[in-house]
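For reference, the structure discussed in these notes is given below.
The values are calculated or read from the model by the stated rules, or taken from the named source; none is laboratory data. Worth saying up front: this structure is predicted, and the values here are computed from it rather than measured. For neighbour counting, all protein chains shown are included, and Cβ atoms are generated from backbone atoms with ideal geometry for every residue, glycine included.
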Amino acid sequence: MSTQYTIPETHLAVIIQPNKTVAVERVPVVHPGPGEVLIKVSTAGQNPADWKVIQFDVSPPGKGVGSDLVGTIVELGAGVEGVALGERVGAVLVARLHESSAFREYVVVPSKPLIRIPDNISDEVAAGVPSGAYSAAYGLHTLLGFPLNAPFNRSILVWGGSASVGWYTIQLAKLTGWKVIATASPHNHELLKSIGADYVFDYRESDVLEKIVLAAGQGGVDYLLDGVSADGSYHLASRALRKDGPRKASVLLPILDHEKLDPTVEYRRLAIFPMLGKEFPYEFMGLKVYHPYSESDLLFGLDISKRIEEWLRDGRITPLPHTVRPGGLNGVQAGLQHMMDGKVSATKLVYKIADTSA
């Protein structure tokens, strides 16, 4: 006989306010529709996108915020197969795409894709995995065919290796045989080497490009994944691509300064929305962006979710270090400001929902 859970009528959620801050409000619990599940959230993880969607007016007041979550499935929608009540899972949400968000007590998500969390990984650790690992896997997939093995003597530059996307990109690229060159602040160099980076350089150094090209050999790197994509980082980083190579780059944010791009480089926007099984139109700083539904990308999401579960269980990938912020949901506003102020490096800010005061 399957376990039955008592679901409350209302719950606490972090909601965007008109002054571009967030506050905890009590809102109705939404029940899952066909193909969906309801998760009781244990821990939620913070991402740079969480403050950016607020400050750049991507998500309006009244909406929730937060993408990464781990919790227990407590209700199944009609037609759901392959998951069961009581399973611990990790998920990624896009508030405007899914009409829900991670910083809350209960959340409705599609039943596919989900990451089953192995017993050797705690909820606090797991909350730092979904969006970072998904982004790294999908970025590498569209850029160079991941999870296919690398050709001999080929390299990738991971700009911003200590950020969440960069952290997992280093490991997944190394897992499939690429020479991995990364950039980070000096205090994170040894940490990134410990997870697979062959070389790590300080992005602030005036000769950083020369060092990258020398380390890559053959006149430069074959591919670039920019895990920061801020302050024109992709302009500088793309100069490390070898002249006779594929000259392809993956960037996190929509590129606004198109006229300044190197016309010999193929730039791709790294967005995991196609993996989540829905189309997603939105506007970012006046630029209209559209991600169509893709069956093949959804199937990739299902496959990579299983692989991530296996890699976490057997230790082939190491989760990003985490920092538990105080106050549960009540602490999210301070955490967003902390990240906006540039005070987060090589760690994932996570929130234990049980620490929230009503």
Given the criteria in the same structural domain as Val53 (by the TED database) and either surrounded by fewer than 20 Cβ atoms within 10 Å (Cβ to Cβ) or within 30 Å of Thr21 (Cβ to Cβ) (or both), does Gly328 qualify? yes
Hey, among the residues in the range 294-325 that are closer than 30 Å to His11 by Cβ and hydroxyl-bearing (Ser, Thr, Tyr), which one's surrounded by the most Cβ atoms within 10 Å (Cβ to Cβ)? Ser305
Can you tell me which residues in the range 135-192 are in a helix (DSSP H, G or I), out of contact with any helix residue (DSSP H, G or I) (no Cβ under 7 Å at 6 or more places or on another chain) and among the hydrophobic types (A, V, I, L, M, F, W, C)? Leu143, Leu144, Leu175, Leu191
Failed item in (1) modelled with pLDDT of 95 or more; (2) in contact with an Asp or Glu (Cβ under 9 Å, 6 or more places away or on another chain); (3) farther than 27 Å from Pro118 by Cα, with Gln46 passing the rest: (3)
Restricting to the range 331-358, count the residues that are touching a strand residue (DSSP E or B) at 6+ places or on another chain (Cβ under 9 Å), surrounded by 15 or more Cβ atoms within 10 Å (Cβ to Cβ) and of a type in the set (Gly, Ala, Ser). 2
Any idea which of Ser162, Ser111 is touching a residue at least 24 places away in the same chain (Cβ under 8 Å) and surrounded by 24 or more Cβ atoms within 10 Å (Cβ to Cβ)? Ser162
Considering Ala173, Ala150, which residue is among the small types (Gly, Ala, Ser) and crowded, with 23+ Cβ neighbours inside 10 Å? Ala173
Might you check whether a residue that is more than 14 Å from the chain's Cα centre (by Cα), surrounded by fewer than 19 Cβ atoms within 10 Å (Cβ to Cβ) and more than 26 Å from Arg316 (Cα to Cα) occurs anywhere in the range 116-125? no
Which residue is nearest to Phe56 (Cα to Cα), if the candidates are limited to the range 284-298 and must be without any contact (Cβ under 8 Å) to a residue 24 or more places away in the chain and touching a helix residue (DSSP H, G or I) at 6+ places or on another chain (Cβ under 6 Å)? His291
Identity of the residue in the range 193-221, out of contact with any helix residue (DSSP H, G or I) (no Cβ under 6 Å at 6 or more places or on another chain) and within 20 Å of Gln171 (Cβ to Cβ), that ends up surrounded by the fewest Cβ atoms within 10 Å (Cβ to Cβ): Ser194
When you look at Ser229, is it assigned to a strand (DSSP E or B), hydroxyl-bearing (Ser, Thr, Tyr) and within 25 Å of Pro113 (Cβ to Cβ), yes or no? no
Tell me whether the range 314-328 contains one or more residues that are closer than 30 Å to Ser357 by Cα and part of a helix (DSSP H, G or I). yes
Specify the residue that is farthest from the chain's Cα centre (by Cα); the eligible residues are those in the range 1-21 that are under 12 Å from Glu105 (Cβ atoms) and among the aliphatic types (A, V, I, L, M). Ile7
Residue set Val14, Val30; condition touching a Phe, Trp or Tyr at 6+ places or on another chain (Cβ under 7 Å) and assigned by the TED database to the domain that holds Ala334; output residue Val14
Taking strands (runs of 3 or more DSSP E) that do not extend beyond the range 1-97, which have at least 2 residues that are of a type in the set (A, V, I, L, M), without any contact (Cβ under 8 Å) to a residue 60 or more places away in the chain and more than 25 Å from Asp341 (Cβ to Cβ)? 68-76, 88-92
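Here's the yes/no breakdown for (1) over 14 Å from Ser305 (Cβ atoms); (2) touching a strand residue (DSSP E or B) at 6+ places or on another chain (Cβ under 7 Å):
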site	(1), (2)
Ser67	yes, yes
Gly71	yes, yes
Glu75	yes, yes
Val83	no, yes
Val89	no, yes
Leu93	yes, yes
Arg104	yes, yes
Pro118	no, no
Asp123	yes, yes
Within the range 182-192, count every residue that is small (Gly, Ala, Ser) and crowded, with 19+ Cβ neighbours inside 10 Å. 2
Failed criterion for Thr6 (all others in (1) surrounded by fewer than 23 Cβ atoms within 10 Å (Cβ to Cβ); (2) among the hydroxyl-bearing types (Ser, Thr, Tyr); (3) closer than 25 Å to Thr323 by Cα hold): (3)
Scan the range 252-283 for residues that are part of a loop (DSSP other than H, G, I, E, B) and touching a helix residue (DSSP H, G or I) at 6+ places or on another chain (Cβ under 7 Å) and jot them down. Leu252, Asp262, Val265, Leu270, Ile272, Gly277, Lys278
